[in-house]
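See structure below.
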Amino acid sequence: MTDFLRTHARAITLSTLGAGAALALAMPATADAAPTVPDVSSFSNSSSDLSVLDQLPDIVRQLPDLLGTPPAPKADGRTSCGSVVQIGDSTSVTADSASALGGADNTATAQYGRVGAPRVTVDALSGRAIVGGPGTDAEQAVTQRLGAAGDACWVIAMGVNDAGAVADGDSVNADARIDRIMRQLNGRRVLWPTIATSNPDNAAFGQTSTTAFNDALRRATTRYPNLAVYDWAAAARPEMFAGDGVHYTAAGYAERNRRFADALALAYPTGSGTTPAVRWIAR
């Protein structure tokens, strides 16, 4: 853009779009004082300046840069997350094991690294639930990891044992369990995949209870502006599961890692902040 256009873009906008519209662009309001209408008496109205109007569409396209608006997130298969903390249950215990997954390229570290997040921590424990269960539950694990996590993105691969607990009559429902995690992660980027099983041996982990937990995740996206949900349940296929219908084959785990990483890049792409570009990711 020429120096003339850079200098007079706001003035051109004022004369062509109307004083009210230009005022809104040129003078951000504050709570303490009303904006002052700019003096437009010096703006030229000669016919020699009308050729500038031919360039108005280009000027309008560049107004975000002129007004200091940050660029829109870029969906380029890369994430703005520099590091990832994944909190999980037994379905994440082997997520970062090259020997269990048939090679280092299939690990969570490799897959998150592929989309631009080279620093990965997987904190997983068999039998873990958000609240209760053996050892350190997910609520406690988040508390313990917060200090060292910095501005990491969080992948909360939790919910299967919680769905089972709620189905068995636990007094802490799915919404409250999700809240226990999200309240700790206020202002931090969170991706939470939905949960999936396939004809599990234990009926408490069946479709009714997992669907109820996933519905609670959908509701949570309206309460937490920093939460994106990836619908893993819609992507998971029966052949990905091991015999118990809860855990996965090596190929299933590898595919899950790949899809989690791709979902992270969709939720928090290059140039994004704490608000996800997509709140519910279904692909």
Q. Which is farthest toward the positive dipole end of the stretch 217-279 among W232, A220, G245, measuring Cα position about the Cα centre, with Cβ charges +1 (Lys, Arg) and -1 (Asp, Glu)?
A. A220
Q.
Using a 7 Å offset from Cα along Cα-Cβ at R237, what residues in the stretch 85-119 end up with backbone N under 16 Å from the label point?
A. none
Q: Determine, for each peptide in 187-197, 226-236, the mean count of other beta carbons within 10 angstrom over its residues, then list the peptides with the highest first.
A: 187-197, 226-236
Q. Under a 5 Å amide H to amide H cut-off, with H placed in plane at 1.01 Å, what residues pair with S83 once short-range neighbours are removed?
A. C153
Q: Would you mind getting me the FRET efficiency between N199 and T222? Use the beta-carbon distance for r and R0 = 22 Å, nearest 0.05.
A: 0.10
Q: Beta carbons within 10 angstrom, averaged per residue: use that to sort the peptides 254-262, 134-142, highest first.
A: 254-262, 134-142
Q.
Can you give the local net charge around A152? Use residues other than it whose beta-carbon is closer than 14 angstrom to its beta-carbon, Lys and Arg +1, Asp and Glu -1.
A. +2
Q) Applying the Karplus parametrisation 6.51 cos²θ - 1.76 cosθ + 1.60 with θ = phi - 60° to the phi angles of the stretch 118-128, what ³J(HN,Hα) value in whole Hz is obtained for each residue in order, glycine and proline being reported as x? A) x, 9, 10, 10, 10, 10, 10, 8, 4, x, 5
(Q) Skipping prolines and chain starts, which residues have an amide H placed within reach, meaning under 5 Å, of the one on I281, given they are 5 or more residues away or on another chain? (A) V229, Y230, D231
**Q.** Derived scalar couplings ³J(HN,Hα) [the stretch 84-89; Karplus, 6.51 cos²θ - 1.76 cosθ + 1.60; whole Hz; x for Gly, Pro]
**A.** 9, 10, 9, 9, x, 9
Q: Calculate the spin-label point distance for D168 paired with A148, positioning each point 7 Å from the Cα along the beta-carbon direction, and give it in nanometres.
A: 3.1
Q: Arrange the peptides 93-101, 157-165 so that the one whose residues have, on average, the most other Cβ atoms within 10 Å appears first.
A: 157-165, 93-101
(Q) Taking the Cα centroid of the stretch 180-207 and of the stretch 263-283, what is the distance between the two, rounded to the nearest whole Å? (A) 18
Q.
Considering just Cα atoms, how many Å³ per residue does the convex hull of the stretch 74-281 enclose?
A. 103
Q: Mind listing the long-range amide H neighbours of R78? Cut-off is under 5 Å, sequence gap 5 or more, other chains count too, H placed in the peptide plane at 1.01 Å from N.
A: T270
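Here, each number is a calculation from the coordinates, and none is a lab measurement. Treat the numbers as computed from the prediction; the structure is a model and nothing was measured. Neighbour counts run over all protein chains shown; Cβ positions are idealised from the backbone, glycine included.
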